[in-house]
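**Q** Sharing a structure below in structure tokens format, with a few things to ask.
The values are calculated or read from the model by the stated rules, or taken from the named source; none is laboratory data. Everything numeric in this text was worked out from a predicted model, so none of it was measured. Backbone-built Cβ (ideal geometry, glycine too); neighbour counts: all protein chains shown. Heavy atoms of the whole protein, side chains included, go into the accessibility calculation; ligands, DNA and RNA do not. Shrake-Rupley method; radii C 1.70, N 1.55, O 1.52, S 1.80 Å.
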Amino acid sequence: MAHAWGYAANNGPDKWVSNFPVADGPRQSPIDILPGGASYDSGLKPLRLKYDPSNCLEILNNGHSFQVTFADDSDSSTLKEGPISGVYRLKQFHFHWGACDDKGSEHTVAGTKFPFELHLVHWNTKYPSFGEAASKPDGLAVVGVFLKIGDANPSLQKVLDAFNNIRAKGKQTFFADFDPKTLRPGCLDLDYDGSLTTPPLLESVSWIVLKEPISVSPTQMTRFRGLLFTGEGEAPCCIVDNYRPPQPLKGRQVRASFK
Ligand SMILES: CCCCCCc1ccc(S(N)(=O)=O)cc1
Ligand SMILES: [Zn+2]
């Protein structure tokens, strides 16, 4: 049985292509974004995020990151406008981060890495479900938010306080009344067509990377690095460096909502 994918030397990003050949495809993510190379698109409407905290269901450690899952059986938590057409429903959000503060984000900006990157994952309601949408070229829209070291982020604290219950892989716990809009910085975004950044690496994502980072404090950052890739009873291995490096642009255009 092939190794399950991960971020270690024997199953990390440069090994994924053997089980997921699309890893070498034409629209892979993440990418290094050169703001000077992005073209201002005056037709881009401001992103419209509408989230209902009561849709928040649970928080779980999936062994690659942790994710907060939302009820997606109605249009009460949606993403509209920006580079997408139609209505996309929020399914989950999760993060990628580094072992230390000089790395961790998946997208980079002119080569600059941030210590964390938040992904808010949405699916196109023209398809019957997330699973169906995940294989369509316009099926998913992920909003990427960079996190930098700075003041403590009060809304993130609620997520961190749940970590004690999900330290090991496979653990999950009830998690309610969280509004991810509190994690949103300004509305300057850089948009391009890409893929999931973990296996199955499906080329179905409209990426909307927000230019302005939000802040987290060093103490808050340290809490993320206490989560475990490993399950209970296994030798503990902390979740760090769960990011895929930038992939070739292969001629893709990056659009900017700002000059
Ligand atoms: C058919 C099942 C597909 C599950 C896809 C799960 C997934 C969601 C988002 C991302 S990310 N890091 O690109 O936001 C990666 C993976
Ligand atoms: Zn992600």
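**Q** Yes or no: region 147-154 includes at least one residue that is within 16 Å of ligand 1 (Cβ to nearest atom), closer than 22 Å to Ile208 by Cα and not aromatic (Phe, Trp, Tyr). Working first, answer last.
**A** Applying the first criterion (within 16 Å of ligand 1 (Cβ to nearest atom)) to region 147-154 yields 147.
Applying the additional criterion that residues be closer than 22 Å to Ile208 by Cα yields 147.
Those left that are additionally not aromatic (Phe, Trp, Tyr): 147.
The answer is yes, given that some residue of region 147-154 is within 16 Å of ligand 1 (Cβ to nearest atom), closer than 22 Å to Ile208 by Cα and not aromatic (Phe, Trp, Tyr).
**Q** Give me a count of the residues in region 206-248 that are in contact with a helix residue (DSSP H, G or I) (Cβ under 7 Å, 6 or more places away or on another chain), open to solvent by 40 Å² or more (accessible area, probe 1.4 Å) and in a loop (DSSP other than H, G, I, E, B).
**A** Summing the residues that are in contact with a helix residue (DSSP H, G or I) (Cβ under 7 Å, 6 or more places away or on another chain), open to solvent by 40 Å² or more (accessible area, probe 1.4 Å) and in a loop (DSSP other than H, G, I, E, B) in region 206-248 gives 1.
**Q** Then there is this: Say we look at region 184-205 and pick out the residues that are open to solvent by less than 20 Å² (accessible area, probe 1.4 Å) and part of a strand (DSSP E or B); which of these is nearest to ligand 1 (Cβ to nearest atom)?
**A** Ranking the qualifying residues of region 184-205, first place goes to Val205.
**Q** Only one of (1) more than 13 Å from the chain's Cα centre (by Cα); (2) modelled with pLDDT of 95 or more; (3) among the polar types (S, T, N, Q) is not met by Thr197, so which one is it?
**A** Unmet condition: (1).
A quick yes/no check of all residues on (1) open to solvent by 50 Å² or more (accessible area, probe 1.4 Å); (2) among the β-branched types (Val, Ile, Thr); (3) over 22 Å from Leu202 (Cβ atoms); (4) not in a loop (DSSP other than H, G, I, E, B):
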{"residue": "Arg48", "(1), (2), (3), (4)": "yes, no, yes, yes"}
{"residue": "Thr69", "(1), (2), (3), (4)": "no, yes, no, yes"}
{"residue": "Asp72", "(1), (2), (3), (4)": "no, no, no, no"}
{"residue": "Pro83", "(1), (2), (3), (4)": "no, no, no, no"}
{"residue": "Arg89", "(1), (2), (3), (4)": "no, no, no, yes"}
{"residue": "Phe93", "(1), (2), (3), (4)": "no, no, no, yes"}
{"residue": "Asp102", "(1), (2), (3), (4)": "yes, no, yes, no"}
{"residue": "Glu106", "(1), (2), (3), (4)": "no, no, no, no"}
{"residue": "His119", "(1), (2), (3), (4)": "no, no, no, yes"}
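**Q** Looking at region 86-102 only, could you name the residues that are of a type outside the set (Val, Ile, Thr) and either away from ligand 1 (no atom under 16 Å from the Cβ) or without any contact (Cβ under 8 Å) to a residue 24 or more places away in the chain (or both)? Break it down into steps so the answer makes sense when it comes.
**A** As a first pass, look at region 86-102 and keep what is of a type outside the set (Val, Ile, Thr): 86, 88-102.
Within region 86-102, Gly86, Ala99, Cys100, Asp101, Asp102 meet the criteria.
**Q** Then there's this: From (1) more than 16 Å from ligand 2 (Cβ to nearest atom); (2) open to solvent by 10 Å² or more (accessible area, probe 1.4 Å); (3) part of a loop (DSSP other than H, G, I, E, B); (4) in contact (Cβ under 8 Å) with a residue 40 or more places away in the chain, pick out the condition that doesn't hold for Tyr127.
**A** (4)
**Q** Something else: Just name the residue that is nearest to Leu49 (Cα to Cα) out of those in region 134-164 that are within 16 Å of ligand 2 (Cβ to nearest atom) and outside any strand (DSSP E or B).
**A** First pass over region 134-164, keeping only residues within 16 Å of ligand 2 (Cβ to nearest atom): 134, 139-147, 159.
Then drop every residue that is not outside any strand (DSSP E or B), which leaves 134, 139, 159.
Working: Ala134: 20, Gly139: 17, Val159: 20 Å.
Only one residue tops the list, namely Gly139.
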